[in-house]
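Heads up, the thing below is written out as structure tokens.
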Amino acid sequence: MMKKETVLSLAALLVCTACGRNFLDIKPDVRLTVPNTVQDYDALLNHIRMNTAASVELGIIGSDEYYIPDGTLTTLSGADERNAYIWATEIFEGDESADWNRAYERILYANMALEVEKITPADKEIALWKNVKGSALFFRALNYYQLAQLFCQIYDAATAASVPGIPLRLEYDVTQRVGRGTLAQTYRRILDDATAAVELLPEMAVDKKRPNKAAGHALLSRIYLQMADYGLAEKHASLSLQLQDDLIDLNTLDPTLNYPFPEDVNQNIEVLFDNGGGAATIVGLARFNADTTLLALYSDRDLRRDVYYFAHTNGATIFGGGYVRSTRTWIGLATDEMWITRAECRARLGDVQGALEDLNHLLRYRFRDGMFDPIKESNAEEVLRIVLQERRKELVMRGTRWEDLRRLSNDPRFAGTLVRMIDGQRYELPAGDPRWVWPIPDNEVELNKLEQNIR
């Protein structure tokens, strides 16, 4: 059996050629050191879990959940963070994109792990073989999905076949040039991978950095929600909740702590899949201020205000409600998202009673004991508005707000203009603006002859 270290060394060598300016310069002979057991391929996927920064940073930076004080924008060392905060036309200024590189690194590992299909497992290895293949498909789907939310247009079934997607690398041969294809092809690949993954994944995962069936259905629900297919989004949210529907009663947490959630994410009953935390320095302790409009949405009876945020000595209101026990954002899939997603889908499909049942069930775990009055409303559009507001309050700093803003910008009822005021200057990002799609990194456009996004 090949040692784990050898497998990971090979993966690291391939990653060095996967992204950036050395993409075509190094062509390793992978035949010399390819994995050859199910355990070897499993080790590759365990290495993925070492990468703690998901590819959602540009979305976090560009969303409306926080602001930074005057005089701090120019102190950021990264051009991408400075420019993304004000939705500038030019973002990277010749630098590479961490979001792009990290996603394709994970996709590279996933493609390599999918070579496990060449192995006929022994009876005692069948469960592990299925887990490896299912996990690899899940990781590939998740990372293509995250890339699509940053670098592709908002999904519209009427135009998806005629607008650019992202390069779909399905092999670990990094020397192959792959074009962007169409958005329809991108989403078809994402759905195919995620659907196949659910059939193979176990019902329980030893570590929440590896997916299980509930996480697979949750990913499918998120994808279909972005595609505005509310029937299938509701179906997969339900299937996920059938497998795991637990919610934390926030009354059991100590809101006086800066980080009230369990230290070990594996002990968090809401977490379905842990995709790590964000890494953008702009939302770090020294600069972050919670959006005042968002804070005003929480009532005094709502424990989320006390559990998700804390006051800092610099007078700022800091986010501390992530599942990583730090000011870093937590990125992953959780049961609360499934409850609020199903409520939205049911409201959109006209099932007002079902939507309110889901919403009120979630909120009972979020309000102070004995102080929650169930929401009663008969108008479907008003219920939808309430659900969307609660979604914003519930999933704060999860990396999903940018996705929600994008899809809602297609709906005149909820579309709006994002506004930043910093150092006396006003910046705007109106609905329909091409800057809702981030540019492809210049080095990728040059090396792989990719079509650049219009800005």
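For region 357-382, a residue qualifies if it is under 29 Å from Lys208 (Cβ atoms), part of a helix (DSSP H, G or I) and either of a type in the set (D, E, K, R) or open to solvent by 70 Å² or more (accessible area, probe 1.4 Å) (or both), and the qualifying residues are Glu357, Asp358, Arg364. Within region 425-438, residues that are over 22 Å from Cys152 (Cβ atoms) sit with their Cβ atoms under 7 Å from residues that are assigned to a loop (DSSP other than H, G, I, E, B) and open to solvent by less than 40 Å² (accessible area, probe 1.4 Å), at 6+ positions apart or across chains, in these pairs: Tyr427/Ile86; Tyr427/Trp87. Evaluation of Thr89 against the conditions (1) part of a loop (DSSP other than H, G, I, E, B); (2) under 17 Å from the mean Cα position of the chain (by Cα) shows that the sole unmet condition is (2). For region 153-163, the set of residues classified as open to solvent by less than 70 Å² (accessible area, probe 1.4 Å), under 12 Å from Gln185 (Cα atoms) and hydrophobic (A, V, I, L, M, F, W, C) consists of Ala160, Val163, listed by residue number. When region 401-422 is limited to residues that are in a loop (DSSP other than H, G, I, E, B) and touching a helix residue (DSSP H, G or I) at 6+ places or on another chain (Cβ under 7 Å), the one that is surrounded by the most Cβ atoms within 10 Å (Cβ to Cβ) turns out to be Ser409. Against the definition (open to solvent by 20 Å² or more (accessible area, probe 1.4 Å), at pLDDT below 95, within 18 Å of Tyr155 (Cα to Cα) and under 22 Å from the mean Cα position of the chain (by Cα)), how does Asn453 come out, yes or no? When the stated conditions are applied, Asn453 does not pass them.
Residues of region 363-407 that are farther than 17 Å from Arg342 by Cα and not charged (D, E, K, R): Phe367, Gly370, Met371, Phe372, Pro374, Ser378, Asn379, Val396, Met397, Gly399, Trp402, Leu405.
Only one entry of Thr195, Thr159 meets the criterion of being within 22 Å of the chain's Cα centre (by Cα) and β-branched (Val, Ile, Thr), and that entry is Thr195. Take Ile119 and tell me if it is within 18 Å of Ala205 (Cβ to Cβ), surrounded by fewer than 18 Cβ atoms within 10 Å (Cβ to Cβ) and among the β-branched types (Val, Ile, Thr). No: the conditions fail for Ile119. Checked against (1) open to solvent by 40 Å² or more (accessible area, probe 1.4 Å); (2) touching an Asp or Glu at 6+ places or on another chain (Cβ under 6 Å), Thr175 passes all but a single condition, namely (2). The set of residues in region 266-279 being over 19 Å from Asp99 (Cβ atoms), surrounded by 20 or more Cβ atoms within 10 Å (Cβ to Cβ) and touching an Asp or Glu at 6+ places or on another chain (Cβ under 7 Å) consists of Glu270 alone. What number of residues within region 322-356 are in a loop (DSSP other than H, G, I, E, B) and open to solvent by less than 10 Å² (accessible area, probe 1.4 Å)? So the count comes out to 3. What's the number of the only condition in (1) surrounded by fewer than 18 Cβ atoms within 10 Å (Cβ to Cβ); (2) touching a helix residue (DSSP H, G or I) at 6+ places or on another chain (Cβ under 6 Å); (3) of a type outside the set (Gly, Ala, Ser) that Trp87 fails to meet? In the conditions (1) surrounded by fewer than 18 Cβ atoms within 10 Å (Cβ to Cβ); (2) touching a helix residue (DSSP H, G or I) at 6+ places or on another chain (Cβ under 6 Å); (3) of a type outside the set (Gly, Ala, Ser), Trp87 misses (1) alone.
Each residue in region 383-400 was checked for being crowded, with 21+ Cβ neighbours inside 10 Å and either small (Gly, Ala, Ser) or not in a helix (DSSP H, G or I) (or both), and 5 of them qualify. Just so you know, in region 193-205 the residues that are without any contact (Cβ under 8 Å) to a residue 60 or more places away in the chain and either in contact with a Lys or Arg (Cβ under 7 Å, 6 or more places away or on another chain) or open to solvent by 70 Å² or more (accessible area, probe 1.4 Å) (or both) include one that is nearest to Leu150 (Cα to Cα), and it is Asp193.
Screening Glu263 against (1) part of a helix (DSSP H, G or I); (2) modelled with pLDDT under 95 leaves a single unmet condition, (1).
The values are calculated or read from the model by the stated rules, or taken from the named source; none is laboratory data. On a predicted model such as this, the values are computed, not experimentally measured, just so you know. Glycine also receives a Cβ, built like all others from the backbone with ideal geometry; neighbour counts cover every protein chain displayed. Quick note on the areas: whole protein, heavy atoms, side chains included, nothing else; ligands and nucleic acids left out. Shrake-Rupley method; radii C 1.70, N 1.55, O 1.52, S 1.80 Å.
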